[in-house]
Every structure is written in structure tokens, then in C-alpha cells.
Amino acid sequence: GCFLSCRFEDFEAGETEWKGLPGCQNVTRTECDFSSAITKYYDKHHVRIRAERREEVSPWSSIVEMTPYDIAQISPPGVELQSINGAIKIKVSPPEANQVQKMWIDSVSFKYNLVIWENSSNAEFRNRSIFPIDIIDDLAPDTTYCLKVQAIYPVDSKEGLFSPIRCVKTTRKAVNVLFCATNVSVLALNMKFYLHWNNKYKQHVTYNVQYLIAYLKKLYDDYSVKWLNVPGCENITDTQCNFSSIITATSGFFYLRVQAVNEYNKSCLSNEVKVDPLVTNEIGPPAVKVDISDVLLHIQISPPGGSENEVMRDHYDLSYRVLYWKNSSDNEEEIKVKEVKQTIGTISDLAPSTLYCVKVQALSKAYNKSSHFSKEECIKTPGDKILPLIVLATFVTALFAVLLVATPLGFALYQAYNKIKYVFFPSCQPPLNIEGFGGQLFNSPFLSPTEEPIENCCIVETIITEEANQIDFKDYKHSKQSSRDSGNYSNDDDTSGSKVSEETLEKEIV
Amino acid sequence: IMNAFGLIQIGLILLCTTTTSSLQCNHLPLQQRKVIENSLQLLDRMGKKFPQQCLREKKSFRFPEQVLKPRQKETVKMAIEEIFQHIFYIFSKNLTLAAWDGTALEQFQNGLYQQIEQLEACVIKKQTHYFRSKEVSRLKLKKYFQKIDCFLKDKQHNLCSWEISRAEMRRCLQLIDKVIRKL
């Protein structure tokens, strides 16, 4: 509490000195408005107060910390209403409209929230976001509605104070609306945009299709003068318009409407349609070509919109989903899926001699869009015709190889056999010059020599030293035998020969 | 009364369906990259090369880069939304003295507007205090744009002040472009 007078002081972040707040020195109230002193809205301020009574001064209070921007509230917007043709036209002016120094300098950033209700008991409150200049037309005619508007600063999620409640009565709807264009809708395929509408009134109506660049609605200026005619859709009698010329992938939103003009030059405007190009547009099916090589199926995909149409591929980040299956008589064939990013794909693990069918759709995962499937393309994998040929060829080659090896081998073996037979079992032929002697001559291998007169004398050999030297004896035997072989060998009969054998026998026994 | 009641019900249903069908946000990162690329090109196309005589009037505004660096994706997206809003505001002022290409300017503004609307619909804003403007870097961002606004007002929106602002906004968009590619 402050008894006699108060003194407020302010200290700004970044400054080093406390400053007295103008208009808040020597005040007797318990509150003070020091707005004029605040210029830096985004800086932290410290405020303190002390009481004074004549010469006595109280100690400074505890410091109040505050950032003007944080505690500031958005004031109510200005509202102008007009009841036209069963609808209410509303014009909102921003908070701080005529202030030189603004807390929210970017007044275009405000969004306005309208609350409207019927001025009757148990009326439901409707919330609706509106532009600074807008028309509320989903209302019943000849009814009183009450409304209030608040400004919202979206980035800070800050809601402002509501404007004072205003009530207005709607008029009757004008009757001469028979020739207006109705059911205005957009159909877009592969970035070709068409506007379609209906008209029950058949006679002498020409149309002008108009468009508005969406951001203009955000400004406080009157955008009704900013509608432009779509080139190629002026004074037409057709109930459709190709407005692709004004659209690009990055152009942002557009509003479209149809102005119908009857034979009396009276015009009527249709409802507006909002177009978000990449969201409104539908992706068309791609084209597919198939090719087969051995056990691989090659798929070539032509992107939707043609290969020149880079726009869709670029902005949608297109990918493709390939479906393939065996097209056989039994229907229980599983459909397989393959996802590819490029425009070429390969499928392996195929069965031979089978008809495979393929169809492809384009996908944009980012936009959650998919095209219709392309036409089915079928192709048959090469079959077993080749296999028997391969087997036969292999057999013949093998046979040939065997023969090639076996023939010289056989010949060589035959030659070898002949040689061996010749060596070990020769069939000898006697030489021609002794052939006539007859067989008798060859019975005994020894030729008997002519008998010569021989003295009958015997050689007596001493065998005394035999027992003493058995070892020598053996040697002696050997030498005797050898001498016998080489020395005079006279035998008139076989006795000497037999003697020798007897002697050797005797020696052996000893 | 019955008619009105029915009408109100239909109105509510329409309101609900429009809000639910507009919450498809998967395409936002891809679309944003494309729009920013396009916006930079449009900024260049709007006017000619930076005039030599304006060089000495050039001022350092010191964009608070830390506002684009926090850990949370949502905080960065909110900062980007705020930057877009401020740029949109600056280019909605009286540009007659700048003598720029009107078509390029319109396309530039429309692209920004679309992005602002998308971000508003898709970024979840928490109601907790720390997330709001009490965050120091967000206040620094507001100060930065306030400086540019004051600069333009002081120079009475003459050609040089516009050219300097355009160069500055180009820098902002380039920074956002870099950040978006990492998100």
C-alpha cells in the first residue's frame, strides 16, 4: 500500500541505471499507467516502487520483472457489417490500426476468429476463421444473427480480446439467380487443370472464368477488384475451362469462380473454389513395356504425363509399384509386388515357359497419392525347348570325345599286345639253309664227337687232406669243379662224370 | 427455426470435414524445399543486381541464427513459420519505389502464404509457457524484424532501403533452406 505518494522506477535490461517513470512520480493512487515510457517491447524490464511522505522515504519494494511483449494482450479488432442478399459481408480492421508504435507490427499475420449465433434461445455458437474482408453466406434469410470477432496471433498462439457483440438481420435472397453457374468443381490430371460447372438455365448464357491469387485475401485491401480472367475462358458457352496456364507446381493457392452473363447483360457470380495445385491434381497411370531375356523380365516404365513432364516427378517424388503374376489356367496364382524408384525394373526368379503379366501404378508417398494401374502387359518366358537340344548336343559331343580318345587307345593296345606276344611267345621259323636235315638231329642237344682211341687209364685222386681242412675242402671242391670244367676232360664213358657226382655226395655227407 | 437449426448442423459438419481433410502433412518437407528453392529464384528475378550506390547504406541487422538451431524439430518449424510471416509482411508494404517485377513478387508472396498456412495447420504448438515467446531467441527474432521495419520507415521506403532489405531476406531464406535440408 501506498499512503501519500509513490514513485515508480524502471530498469531496462541492458541499461545500468534506474529511470523514473514519467507520470508515475508523486502519485497518490495505487496504480499508474507508464505505457509512454515503454519503447522496447522485447526486452526484460524491472520495476520497483517506494512510498514517500514529505522527507521520509520507504525502502524500495521487491523488483517486478516483466517483458512487455509477453504480458501484452491483443486488443479487439474493428468490425464493419453489411447485410447483402441473404448474406453478411464483414470487414475487419486490425488491432492497433491507427497506432504509430505497434506491438504487433505485422498486422497481416493476424487471423480472425468469428463467433456467430442466431439471436434466439438455445442458439448454437459457431466458430469460424475469416479473412479481413469476407462473406458469411451459409445463413438463413430474414434472421437476426449476433457475432463477435477476435484477432489471433498464430505463431505465439495468442488470442486477443473479442470485439463488442454486434447483431444484424439478413435480407431475403435475390430471386434472379436461375442462370448462375452451380456445382463448380475442379478436375486435374497430370497437371492439366479443368473447371467444370452446371447450369440449369439453357438459354443465352456466356461465362467468364476468373481467378484470384490466394494471398490477396490476407491483406486488408479490397481484393474484389483483383480477380482476373482466365486466358481462354472469356465469353465462352462451354461449361468447362482449362486453366492450366495460370497454374505451376510452386504457384501456391488459387481461388476460381464462374461469372455467368445472361442475355440481358446481368451477371451472377458462382461460389468460389480453392485450388492447391499439387494436392488437387491427380496422377495419371504410367505406360509400361516388357522385355524378356533368359530368366529376367525387364520392365520399362514411361512416367505419367510423358517423359518431358519433369514437373510431376520432381514435385511428387514419384515411385512406382509393379504388380506381376503368372497368367495360367488355374486361378490360384499369387500376385507379387515390387516397388521401384527408377523407371526401369527387373524381375528375376521366374519359372520357364510361363506367361507372366505385369501392371504398374505411380505413387507419391509424400502426397499420399496413387495413380490408376497401367494396362496389363504379358510376356512368356522361354521354355524347355532348349533343354532337350542341350542334352542331345552334350551327348553327341561326349560320344565324339569318347571315340576320339578310344580309337587311338585301342589301336595302341592292339600294337602292344602284338609286341608282347612276339617277345614272349615267338613262333620261330628255322633258317632256310638247315631246314633239310630232318628232325632226328635235334633230339639230343649234344653233338657226339668222333671216337678216338683212348688209353684206359684212370686218375686216382688222393682225398687224405679232406677231413683236416673242411673249409679248404669246400674251396677245393669248388676249384676242382671248376678245373674239371676247364681242364682235360676225358671220358670214354660217363663213369668219370658219375664219379664226380659220387665224390661230391661223399663230401657233402662228411 | 427448423431450417436454421438444420443449416447450422450442416455448417458444423462441413466445418469438421474441412478441418480433418486438411491435416495431411506428409508432403510438407518436400513441398517446403521446392517452394523455398523457387522463392530464392523469384527474389533474384524480382529486381536487378544490387546497386553499387546502396552499398554505403548497408546495415548489419544480425539475424539470430540460434533460433534455427534448437534440438526439437517443432521449435525450428515454429521459428520458420514466424520468419515466413515477417517476410510476407515486409513484402506486402508499399513497394512502388522499389520498382520490382510485379508478377515475380506476386508469385513470391503466394508461395510464402501457402507455406505459412501449411505450417500453421501441421505444426503442433504446445501450450506450455516455455514454448511461447518467453523463449529468448524468439524475442531476438522479433527484434531483428523490428529493426528492418524501422530501417525501412526511417528511409521512407526508398530504393536503397528496399534493396538492402531484399538482400537481407535472401540471406534468411538461404539459412532456412540449409536447415530444412537437414530436418
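The values are calculated or read from the model by the stated rules, or taken from the named source; none is laboratory data. If you're wondering where the values come from, they're calculated on a predicted model, not measured in any experiment. No Cβ is skipped: glycine too gets one built from the backbone with ideal geometry, and neighbour counts run over all protein chains shown.
Structural remarks
- Among the candidates A:S35, A:S61, residue that is within 22 Å of B:K140 (Cα to Cα) and out of contact with any Leu (no Cβ under 8 Å at 6 or more places or on another chain): A:S35
- Flag if A:L297 is among the hydrophobic types (A, V, I, L, M, F, W, C) and either modelled with pLDDT of 90 or more or in a loop (DSSP other than H, G, I, E, B) (or both): yes
- Residue check: A:G86 meets all listed conditions (1) exposed (fewer than 15 other Cβ atoms within 10 Å of the Cβ); (2) of a type outside the set (F, W, Y); (3) within 14 Å of chain B (Cβ to nearest Cβ); (4) under 30 Å from A:T144 (Cβ atoms) but one, namely (1).
- Listed by first and then second residue, the pairs with beta-carbon distance under 8 Å, at least 6 apart or on different chains, first residue in the range A:220-244 and in contact (Cβ under 8 Å) with a residue 12 or more places away in the chain, second assigned to a loop (DSSP other than H, G, I, E, B) and among the aliphatic types (A, V, I, L, M), are A:T237/A:V205; A:T239/A:A181; A:C241/A:V230; A:F243/A:V230; A:S244/A:M191.
- The set of residues from the range B:148-176 being of a type in the set (D, E) and over 25 Å from A:V100 (Cβ atoms) comprises just one member, B:E163.
- Among the residues making up the range A:256-281, those that are in a strand (DSSP E or B) and not polar (S, T, N, Q) are A:L256, A:R257, A:V258, A:A260, A:V261, A:C268, A:L269, A:V273, A:K274, A:V275.
- Within the range A:196-239, restricting attention to residues that are more than 14 Å from chain B (Cβ to nearest Cβ) and assigned to a helix (DSSP H, G or I), the residue that is farthest from A:I135 (Cα to Cα) is A:V225.
- In the range A:247-255, the count of residues that are within 30 Å of A:E310 (Cα to Cα), part of a loop (DSSP other than H, G, I, E, B), in contact with a Phe, Trp or Tyr (Cβ under 6 Å, 6 or more places away or on another chain) and among the aliphatic types (A, V, I, L, M) is one or more.
- Listed by position, the helices (runs of 4 or more DSSP H) inside the range B:84-183 whose residues that are crowded, with 17+ Cβ neighbours inside 10 Å, modelled with pLDDT of 90 or more and within 11 Å of chain A (Cβ to nearest Cβ) number at least 3 are B:102-122, B:136-154.
- Residue in the range A:118-126 that is surrounded by fewer than 18 Cβ atoms within 10 Å (Cβ to Cβ) and of a type in the set (K, R) present: no
- Scanning the range A:248-268 for residues that are of a type outside the set (V, I, T), more than 11 Å from chain B (Cβ to nearest Cβ) and surrounded by 17 or more Cβ atoms within 10 Å (Cβ to Cβ) yields a count of 7.
- For the condition touching a residue at least 60 places away in the same chain (Cβ under 8 Å) and in a strand (DSSP E or B), A:V337 does not qualify.
- Odd one out for A:I74, checked against (1) within 19 Å of A:E159 (Cα to Cα); (2) not in a loop (DSSP other than H, G, I, E, B): (2)
- Any strands (runs of 3 or more DSSP E) falling wholly within the range A:92-174 and containing at least 3 residues that are away from chain B (no Cβ under 11 Å): A:111-118, A:133-136, A:144-153, A:158-162, A:166-169
- Residues of the range A:335-349 satisfying the condition of being at pLDDT 85 or above and not basic (K, R): A:I335, A:V337, A:E339, A:V340, A:Q342, A:T343, A:I344, A:G345, A:T346, A:I347, A:S348
- The set of residues in the range B:28-53 being more than 11 Å from chain A (Cβ to nearest Cβ), outside any loop (DSSP other than H, G, I, E, B) and within 22 Å of B:S92 (Cβ to Cβ) consists of B:L40, B:L43, B:D44, B:R45, B:M46.
- For A:S185, the criteria (1) more than 10 Å from chain B (Cβ to nearest Cβ); (2) out of contact with any Phe, Trp or Tyr (no Cβ under 6 Å at 6 or more places or on another chain); (3) under 21 Å from A:A214 (Cα atoms); (4) crowded, with 16+ Cβ neighbours inside 10 Å hold in every case but one, which is (4).
- Every condition in (1) part of a strand (DSSP E or B); (2) under 30 Å from B:F88 (Cα atoms) holds for A:D43 except the one numbered (1).
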